[in-house]
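Structure, as structure tokens:
Computed from the coordinates by the stated procedures, all read-outs in this text should not be read as laboratory data. Quick caveat: nothing in here was measured; it's all calculated off a predicted structure. Note that each Cβ is placed from the backbone with ideal geometry, even for glycine, and that neighbours are counted across all protein chains shown.
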Amino acid sequence: MARTGRALGFLAFCLALLVLSFISYVSIKRNYVFAGPKYAHASGTRTYVSHGGFRTQLSMKFLDQSFIPLTSTLTEEMQEKAAQWKFNRTAFTQQRDEISHYIDVTGNFSLTKNGVQVGQLMHYDYSSHKYVFAISNNFKSLLPVTSPIQNKHYNTCAVVGNSGILTSSHCGHEIDRFDFVFRCNFAPTELFHKDVGHKTNITTFNPSILEKYYNNLLTIQDRNNFFLSLKKLDGAILWIPAFFFHTSATVTRTLVDFFVEHKGQLKVQLAWPGNIMKFFNRYWKTKQLSPKRLSTGILMYTLASVMCEEIHLYGFWPFAWDPISGKGLPYHYYDKKGTKFTTKWQESHQLPAEFKLLHSLHMEGVVQLNLSPCA
């Protein structure tokens, strides 16, 4: 009887959570549909408030433990102070020193020819230690002699995320004016240059991109498409984190074979970071950020903090609506029209938590977080 009672109690608890989650979902949907943007100041300066659905903080806590609700105060401050943002060099330098204490950014930016041996076994940051990748002659031949960012410093940098908030932002010209532009995950620019610009000095390339967008180079057309995409980088750095997951091993070998085959035909600079995540994780944990996996945007911001004297962020907004108009947004600016906003990132990342942290750095003058249209 006691066991039956406990089982029934547990079942009742699960049912209550299910009902609570459903109520929260309905509340969010209702508020999302009916809550419009709010404006302040007769002069026309726009402010925005979070949608009513986020007031159900208790329900959201059960739905997503990593979710950190945005408050009206936070969003209003963000909008009002964007135009008068001032760079705080002291705070920026302090953060750079803190990062440098935990991470040798230049030394860990890429493996180098002199730093590895043929036959050396590499492990993976996010996979079991039993999985290994053996360094081959071909792989080693693609490594730089020295770090591609050694002695490289830039005055102003833009780190461009891929959020749908860049859609119709007209920020392309502004982004292209920066001395150095970081991009994430080989994001396309050609058809979206008015909003995101053309200039690319570094872009990340997760090996899974080869599978998702280039069919693992199985056909001549796939190989031609990939080659043409790389041609457009023209001297930029392709930062390939091949040692995050063991599942990328086969794709990495395909990628290595392709680059060896086309050696001398492409101007792109290849960078292959080794097991770096333990260093990044240690630093960001001191800022109360410890997800299963840090986002690519945070990784690029970390690199930029050492390479640049001033950093501006674009496309860092992980939510499904525009903070000014309240209209729905795609997850990526390059997603096809009608693509459903994905929340798959919740499995690994803490994007709302990252956003809150970046917002606090914006308020301190460490970095400028751009959320408004540029023109």
Response to the item:
Whole-Å distance linking the alpha carbon centroid of segment 266-282 with that of segment 143-191 is 16
Item to complete: Please list, in chain and number order, the residues 5+ apart from residue 335 or on another chain whose amide H is under 5 Å from its amide H, with Hs placed from the backbone.
Response: none
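Using 0.36 nm times the number of residues separating residue 208 and residue 289, minus their current alpha carbon distance, what extension gain do you get?
Values: separation 81, 0.36 × 81 = 29.16 nm, distance 2.51 nm.
So the chain would gain 26.7 nm between residue 208 and residue 289.
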Discussion item. Can you give the log10 of the normalised intensity I(q)/I(0) at q = 0.14, 0.16, 0.20, 0.21 Å⁻¹, computed with Debye over equal Cα scatterers of segment 150-258?
Written reply: -0.62, -0.79, -1.10, -1.16
Worksheet item: By the scheme Lys and Arg +1, Asp and Glu -1, what is the net charge of all other residues having a beta-carbon under 11 Å from that of residue 238?
Response: +2
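Output the peptides 88-98, 199-209 sorted from most to least packed, where packing is the average of other Cβ atoms within 10 Å over each peptide's residues.
Working: 88-98: 14.4, 199-209: 20.8.
Order by mean packing, descending: 199-209, 88-98.
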Discussion item. Whole-Hz ³J(HN,Hα) for each residue in segment 105-122, computed from phi via Karplus 6.51 cos²θ - 1.76 cosθ + 1.60 with θ = phi - 60°, x for glycine and proline: what do you get?
Written reply: 4, 5, x, 9, 5, 7, 5, 10, 4, 7, x, 9, 10, 4, x, 4, 9, 9
Worksheet item: residue 260 to residue 86: FRET efficiency via 1/(1 + (r/R0)^6), r the Cβ-Cβ distance, R0 45 Å, to the nearest 0.05?
Response: 0.40
Worksheet item: What area, in nm² and to one decimal, does the C-alpha convex hull of segment 266-367 cast on average over all directions?
Response: 9.0
Worksheet entry | Long-range HN-HN contacts of residue 308 with modeled amide H, under 5 Å | 154
Discussion item. Among the listed pairs 199/337; 199/263; 232/327; 212/267; 212/263; 86/337, which have their C-alpha atoms separated by more than 30 angstrom in this model?
Written reply: 232/327; 86/337
Practice prompt. Arrange the peptides 122-133, 321-332 so that the one whose residues have, on average, the most other Cβ atoms within 10 Å appears first.
Written response: 321-332, 122-133
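By the scheme Lys and Arg +1, Asp and Glu -1, what is the net charge of all other residues having a beta-carbon under 13 Å from that of residue 250? Don't skip to the end; give the middle numbers.
Numbers: positive: 253; negative: 211, 257.
For residues surrounding residue 250, the net value is -1.
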Worksheet, complete the sentence: Rounded to one decimal in nm, the spacing of the 7 Å Cα→Cβ label points at residue 275 and residue 173 is 5.0
Item to complete: Starting with the highest mean, order 274-285, 217-228 by the number of other Cβ atoms within 10 Å, averaged over the residues of each peptide.
Response: 274-285, 217-228
Item to complete: Using 0.36 nm per residue of separation minus the Cα-Cα distance, give me the extension gain between residue 220 and residue 341 in nm, one decimal.
Response: 40.3 nm
